[in-house]
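Worksheet: the structure to be examined is printed underneath.
Read-outs: derived from the displayed coordinates by stated rules, not from any lab. No experiment lies behind these values; they were computed from the predicted model shown. Glycine gets a Cβ as well: all are built from the backbone with ideal geometry, and neighbour counts include every protein chain shown.
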Amino acid sequence: MPSSQASLAPAQFSTLLIANRGEIVARIAKSARVLGYRTVAVHSDADRGAAFVATCHEAVAIGGLTPAESYLRIDKILAAARVAGAQAVHPGYGFLSENAEFAEACEAAGLVFIGPPAAAIRVMGDKAGAKRQMLAAGVACIPGYQGEDQSDARLLAEAEAIGLPLMIKAAAGGGGRGMRRVTNLAELPAAIASARSEARSAFGDDALILERALTGARHVEVQVFADRHGHVIHLGERDCSVQRRHQKVVEEAPSPAVTPTLRAALGAAACTAARAVHYVGAGTIEFLLDGDGQFYFMEMNTRLQVEHPVTELVTGLDLVEWQLRVARGEPLALAQQDLSLHGHAIEVRLYAEDAERGFLPQSGRLLRWRPPSSVRCDHALADGQAVTSYYDPMLAKLIAWGETRAEATRRLVRGLEECVVLGLTTNRSFLIGCLEHPEFAAGRATTDFIAAHFCAESDLAPRTEAIAAAALLCLARSMQRLPLPALHGWWSSGTPRYDFELDVAGEPISASLTAHAGAWLLSVGDDRIEVRQTGLDDDGLTLSVAGIQHRVAYVFEDDHCLHVTVAGRNLRIRDRSMDQPAPQHAAGSGQIKPPMNGRVVALAVAPGDRVDPGQTLLVLESMKIEQPLIAPMAGQIAEIHCRVGDQVAPTQALVVITPLTSSTQEAST
């Protein structure tokens, strides 16, 4: 047994502090309660009153709004543990979960850190050092550069030697931050600068590595577990190829591309990697798998993964329970030969983001939340909950199991359609589109799947059911305020008709409802459709459209604006008849407004500067993602109304550009 493992004496604890936020707190607390542990949550000022706080027995406020002021403050986490009388800390994922200094600080404070030794975190947390360690252990790695010389000249020279396409990655951290794909050497200097900036902001370390980008590869990872007695096993692989911005969106187990022989080889390589760093606890070895079945080590995540539920569903194991038992010094419950995989599981990440606008993160208030009952849903959400720009935009995870991959997919699609999430723009309909795409159904999705098969703009027209529901709901809302009869299709004189000017997901639509034979006749353009309302309550509207019954979840944002969900698609609908004249478009007026809440992290212009169309004006950081704001026209910077570090909202004009007219341009020349 390695001495580093022997030094880890069995630990006893009864109170567990969970140093994280959101759904993972609820997930860890659930397993901890089953084992009889008392649980303690921590929360920032932004998360005061958040649903995850109530999932623990107690909670400690740690103040601050941003992660740097709260969940990344080691001193605050340790102080909270002391106040709560906790003997152990579970870091979840993200934040401090892969921070070796935090693991050491916990040990120094007499706290059990539910994770691997700090030495293993330190080695594998540095992508450059991890690759060197894996090469020494005989694990195949992607060709690239992971040297200590971080000068621009050295990186440019190494990039030319590696060849294109090329991946730039932050040496510390993960989650797609500080990662850029380069297909043209002319783009490299700007990509290096951008990756460094994002890496420094996310991880406090701007070191980079370079790797050859494998086209059409799969992202396949192996779950490993190790105890303090020298046992290391793997729990099979997960396929995480469906990604946007290098972040996973859909994960499944097992991979449709992995045969039993390949699974054994991947598992053996993963266990070799874990043994090389004397690992203890739950970890994930990530590989890229090419079309010829050759796999290459990318990195190790020294923590529990977001997608661990799919492994739980195909193995029947509780990985959080395993983490807690290993931390107490217990041996692994199974040997490798005892492990078996049953069926197929798929997970999707429900994000507050606009998939039709480049996956821009969204913030606001969740007006109505109803998780599906047909599939597993890991979340910590409630009606009225604020979703801020300070944290990652993931809202929840939906996970389905089936005897076959096709069955798991069908169940997950139905679960997404059943889920009610209103008030925020989410990626729910995009997820359904991914699961129903023929390439995904055939098991052929690679890391290029989203870029190859999904365009930025939606081609989904507003559904007739949504228009009918909006008209009925707006009418019902009016009747609550006016002395009109109920919706029986009967009036004392004449045939009533109600006209509506609706804005349905940004599209103006004229519609009318006419009472007809105990029902309604919906008119939209040249179409005439019979609509019958059969039920209406606070949560939903039941209606029959052209003889087919539908249940439409809804919530009113105000008297003239509502959110509905139809067949898995959310729509924001407004009665435009009461609207004021629309203001001039921000771009046309020269006013540059942010598309989302965020923090200004860079200003690239000053008053008086000349700018060209497409030139970067400033950079926003929202939900851990950097988003440049660019000039929509040629012009001159007239005003700047923000500074680096400012928190800004979509209603603010951050920069004002005076457009250059032809006469202005002639005068300047």
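Show me, for region 433-439, the HN-Hα J-couplings you get by feeding each phi into the Karplus relation (A = 6.51, B = -1.76, C = 1.60, θ = phi - 60°), rounded to Hz, glycine and proline as x.
My calculation for region 433-439 gives x, 4, 5, 8, 6, x, 5 Hz in order.
Nearest 10 degrees, 0 to 90: what angle lies between the long axis of helix 188-203 and the longest principal axis of the chain (Cα atoms)?
Once rounded, the angle reads 80 degrees.
Which log10 I(q)/I(0) values, to two decimals, does region 143-212 give at q = 0.11, 0.18, 0.23, 0.28 Å⁻¹ under the Debye formula with one point per Cα?
These q points yield log10 I(q)/I(0) values of -0.20, -0.56, -0.93, -1.37.
For the chain, what is the charge dipole size about the Cα centre, in debye to the nearest 20, if Lys and Arg each add +1 at the Cβ and Asp and Glu each add -1 at the Cβ?
1080 debye
If all Cα-Cα distances of the chain are sorted into 20 Å bins from 0 onward, what percent lands in each bin, rounded to whole numbers?
Whole-percent P(r) values from 0 Å outward: 17, 47, 29, 6, 0.
For region 3-114, build the convex hull from the C-alpha positions and give me its volume per residue in Å³.
Cα convex hull per residue, to the nearest whole number: 95 Å³.
Consider just the alpha-carbon atoms of region 340-427 and return their Rg together with their Dmax, both in angstrom.
14.0, 43
Do you know the relative contact order of the chain, to the nearest whole percent, from alpha carbon pairs under 8 angstrom that are 6+ apart?
10 percent
Over the alpha-carbon set of region 389-472, divide Rg by the Kirkwood Rh and report the Rg/Rh ratio to two decimals.
With Rg and the Kirkwood Rh in hand, the quotient comes to 1.00.
Which whole-Hz ³J(HN,Hα) couplings does region 264-281 yield from phi under the Karplus relation 6.51 cos²θ - 1.76 cosθ + 1.60, θ = phi - 60°, glycine and proline marked x?
So the Karplus estimates, Gly and Pro as x, are 5, 5, 4, x, 5, 5, 5, 5, 4, 4, 5, 5, 4, 10, 6, 6, 9, x Hz.
Could you please state, rounded to a whole Å, how far the C-alpha centre of region 255-292 is from the C-alpha centre of region 335-390?
The distance from the Cα centre of region 255-292 to that of region 335-390 comes to 26 Å.
Normalised by the residues of region 3-114, what does the relative contact order come to in percent, with Cα pairs under 8 Å and at least six apart?
28 percent
Quick check: residue separation of ARG610 and ALA442 times 0.36 nm, minus the Cα distance between them. What number comes out in nm?
55.4 nm
Please work out the Cα center distance from region 62-116 to region 634-659, rounded to the nearest Å.
Cα centroid to Cα centroid, the span is 38 Å.
Give the residue from THR55, PRO309, ALA470 lying farthest towards the positive end of the charge dipole for the chain; charges sit on Cβ (+1 for Lys and Arg, -1 for Asp and Glu) and the dipole is referred to the Cα centre.
Checking the options against the dipole of the chain, the answer is THR55.
If each residue of separation counts as 0.36 nm, what is the full-extension length gain between SER151 and GLU403 once their alpha-carbon separation is subtracted? Before the final figure, lay out the partial values.
Details: separation 252, 0.36 × 252 = 90.72 nm, distance 5.24 nm.
Extra length from SER151 to GLU403 when fully extended: 85.5 nm.
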